[in-house]
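As structure tokens, the structure follows; a few thoughts come after it.
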Amino acid sequence: MNRSSPAVLSTVMSTRISYRAVAVVCGLLLALVAGSARSAAVSPQTATPAFDATIAPISDTLAEEMRGVSWRAGCPVAISDLRLITMNHWGFDGAAHDGELVVHAAVADDIVEVFRQLFAARFPIKAMQRIERYAGDDEASMEADNTSAFNCRQITGGGAFSKHAWGMAVDINPVENPYVRDGRVLPPAGATFLDRGDHRAGMIVAGDVVTTAMAAIGFDWGGDWNRLQDYQHFEVADPAGRAQATGRSCPDYSEHPGTYPVKLCHSGQAVTGVQQQLVRHGYDVDVDGYFGPQTLAAIQRFQRDHGLEVDGLVGPLTWSALVACADQVPSSAAWSGDAFDLTDRKTGVIDVAPFNEFRASAGSDVAATPCDAARVLLHLDRPFLDGETVDVAVSADSIDVVGVTVTIGRLADDSIEAVRYQLRFERDDAGFRLAAGTWAQRCQPGRGHQDFSTELCV
């Protein structure tokens, strides 16, 4: 039997040990390669997420959630004018989270741009949930450090609608950026952030990415206010400031001169006319030609006070009510003319030039409304004879053209039952000018025609 020598056995064993070592090394290498492959496979999942946002109309389901909570009858904006923004944001934990804001349609695109910039700067936001999650309770939302927007509520302390009631205001990180007035801090947890020089994550300070981005879309910062500081709060600025900052005032709406309705975000002469009439009726509004939240609130109060549908739209009924006769009759003493003398007795057509010349020299009070102009033209402030009646009806054909019909009945002349003046006024920079007018009369029974006509009674 052939046996291997000790030297041969030693060589064989050494060779086997070498193979084992190679196998171990190869195994380790394969494990490292596999580990690298696994790392390469998961790396896309751990990449920095991109900012993502969508803007959508309020769905029927969401509208039902909002009614009686964040929105109710009498709110200064319709649900249909609001938009839901769904977008991601950085949290205080360094991770990206999904959030929701409800804002007015007119500012939705701009708000998304602001939060796009905050996301790029990794500005942390604690929470971003609709106010319905807190039963519409603003203080509960603040205590939760929740970033929110639309909520049909009054300003803190009451007295007027907040810009949140229009969806034109945003509160960001209320705990880190509290409301402060006369020693009162809301939410109370914000007291630890009153030292604004001790800057910590989520705080908003002058000149940072938040205030800069908001200023670029024409929003004012509550941290700049004098009587109080509302460091969390941003709201749509005055119309001129917003238009200058954004290059546009309301991207979703455009001006349509002479047509209805005139509504939120419109601008121009038609809006100026609406504001002038509101002031005449005693409503506090700036005459700046911009239909902003202030004008909207005044229109809704006017509609409520006059039994009209409170929709915030200036349509035929609201405009007719705005330009209707005021309680105080303007004096016609300075107007020496007589409409009857200006009338062609055959056609009934009134010569408008003399009255318009008088109006231009007398000032805008003469024609603040078409009804006032008609009263001056016809000397309706004069004493009437016993039994005479005067009826004035206003019909607004458009925002620029208004018809006034004045019927004077039971005249002293025993042959005339009534005379009627049908006047058409057109709005201009000075108020209303007389554009056209006709005269007609109706005879007493047995004295001639019974319908209004230019034929004389016998």
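The values are calculated or read from the model by the stated rules, or taken from the named source; none is laboratory data. This structure is a prediction, so every number in the text was calculated from the model and none was measured. All Cβ positions, even for glycine, are placed from backbone atoms using ideal geometry, and neighbour counts span all protein chains on display.
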Within region 40-52, is even one residue modelled with pLDDT of 95 or more, part of a strand (DSSP E or B), of a type outside the set (A, V, I, L, M) and over 19 Å from Met168 (Cβ atoms)? no
Cβ contacts < 8 Å: first residue on the phi > 0 side of the Ramachandran plot, restricted to region 212-235; second residue assigned to a loop (DSSP other than H, G, I, E, B), any location; separation 6+ or different chain. Result? Gly218/Ala237
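Within region 263-283, work out how many residues are in a loop (DSSP other than H, G, I, E, B) and modelled with pLDDT of 85 or more. Reasoning before the result, please.
From region 263-283, those in a loop (DSSP other than H, G, I, E, B) are 263-266, 268, 281-283; that's our starting set.
If we keep only those that are modelled with pLDDT of 85 or more as well, we get 281-283.
The total comes to 3.
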State whether the residues of region 141-157 include one that is buried (at least 16 other Cβ atoms within 10 Å of the Cβ), farther than 27 Å from Lys263 by Cα and of a type in the set (Asp, Glu). yes
Between a residue in region 58-82 that is farther than 19 Å from Ser162 by Cα and any residue that is among the small types (Gly, Ala, Ser) and in a helix (DSSP H, G or I), which pairs come within a Cβ distance under 8 Å, given they are 6 or more apart or on different chains? Ile58/Ser80
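Identify, please: which residue in region 398-427 is among the acidic types (Asp, Glu) and surrounded by 14 or more Cβ atoms within 10 Å (Cβ to Cβ) and is, among those, nearest to Gln450 (Cα to Cα)?
Applying the first criterion (among the acidic types (Asp, Glu)) to region 398-427 yields 400, 413-414, 417, 426.
In the following step, the residues that additionally are surrounded by 14 or more Cβ atoms within 10 Å (Cβ to Cβ) were identified as 400, 417, 426.
Working: Asp400: 33, Glu417: 9, Glu426: 31 Å.
Going through the qualifying residues, I end up with Glu417.
So, in region 68-84, of the ones that are assigned to a strand (DSSP E or B) and among the hydrophobic types (A, V, I, L, M, F, W, C), which residue ends up nearest to Gln300 (Cα to Cα)? Can you show your working first?
Pass one, region 68-84, residues assigned to a strand (DSSP E or B): 71, 82-84.
Narrowing further to those that are among the hydrophobic types (A, V, I, L, M, F, W, C): 71, 82, 84.
Values: Trp71: 16, Leu82: 18, Leu84: 24 Å.
In this case the residue turns out to be Trp71.
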Can you name the number of the only condition in (1) under 50 Å from the mean Cα position of the chain (by Cα); (2) modelled with pLDDT under 90 that Trp439 fails? (2)
Taking only pairs six or more apart or across chains, which ones have beta-carbon atoms under 9 Å, a first residue in region 410-430 that is at negative phi, and a second residue that is of a type in the set (Lys, Arg) and part of a strand (DSSP E or B)? Ile416/Arg442; Glu417/Arg442; Ala418/Arg442; Val419/Arg442; Arg420/Arg442; Phe425/Arg433; Glu426/Arg433; Arg427/Arg433
Out of all the residues in region 398-418, which are more than 22 Å from Thr369 (Cβ to Cβ) and assigned to a strand (DSSP E or B)? Gly409, Ile416, Glu417, Ala418
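Has region 405-423 got at least one residue that is in contact with an Asp or Glu (Cβ under 6 Å, 6 or more places away or on another chain), in the same structural domain as Phe340 (by TED's automatic domain parsing) and within 22 Å of Lys346 (Cα to Cα)?
Here is the first cut: in region 405-423, the ones in contact with an Asp or Glu (Cβ under 6 Å, 6 or more places away or on another chain) are 407, 410.
Adding the requirement that they be in the same structural domain as Phe340 (by TED's automatic domain parsing) leaves 407, 410.
Cutting the leftovers down to within 22 Å of Lys346 (Cα to Cα) gives us 407.
Yes.
For (1) assigned to a loop (DSSP other than H, G, I, E, B); (2) in the same structural domain as Gly292 (by TED's automatic domain parsing); (3) modelled with pLDDT of 95 or more; (4) in contact with a helix residue (DSSP H, G or I) (Cβ under 9 Å, 6 or more places away or on another chain), each residue gets a yes or a no:
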{"position": "Ala165", "(1), (2), (3), (4)": "no, no, no, yes"}
{"position": "Pro174", "(1), (2), (3), (4)": "yes, no, yes, yes"}
{"position": "Asn177", "(1), (2), (3), (4)": "yes, no, yes, yes"}
{"position": "Asp198", "(1), (2), (3), (4)": "yes, no, yes, no"}
{"position": "Val205", "(1), (2), (3), (4)": "yes, no, yes, yes"}
{"position": "Ala215", "(1), (2), (3), (4)": "no, no, no, yes"}
